[in-house]
Amino acid sequence: MGAGAPAHVASVEGDMGEETTEALRAAGFPIRVCADLDEAVGQGQLVRRAANGAPRAAADPRSDGSAVSC
């Protein structure tokens, strides 16, 4: 970023809900809209244990990862 550019910019994907994008703007974040499923936003996988003890998993469609819950 160049001199005078904001230090914190919220990057949101194009398919982010307008309500969420506007809430970020209202909180004072400059917004940068990216393409849908833009790898610049990041990638992630998640595994968690549900309240009933069963594992739950999810994989980000941007990457080649996958999630299996047994």
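The values are calculated or read from the model by the stated rules, or taken from the named source; none is laboratory data. Source: prediction; values computed, not measured. When we count neighbours, we look across all protein chains shown, and the Cβ atoms used for this are built from the backbone with ideal geometry, even at glycine.
Quick notes on this one:
- Pair list, Cβ under 7 Å, 6 or more apart: the stretch 18-32 residue under 12 Å from His8 (Cα atoms), other residue part of a helix (DSSP H, G or I): Ile31/Thr21; Ile31/Leu24; Ile31/Arg25
- Filtering Ala51, Ala57 for residues that are part of a strand (DSSP E or B), modelled with pLDDT of 80 or more and more than 16 Å from the chain's Cα centre (by Cα) leaves a single hit, Ala57.
- Search result, residues across the stretch 1-34 that are modelled with pLDDT under 90, surrounded by 10 or more Cβ atoms within 10 Å (Cβ to Cβ), assigned to a loop (DSSP other than H, G, I, E, B) and among the hydrophobic types (A, V, I, L, M, F, W, C): Val9, Met16
- Boolean, Ala10 is in contact with an Asp or Glu (Cβ under 9 Å, 6 or more places away or on another chain) and among the aliphatic types (A, V, I, L, M): no
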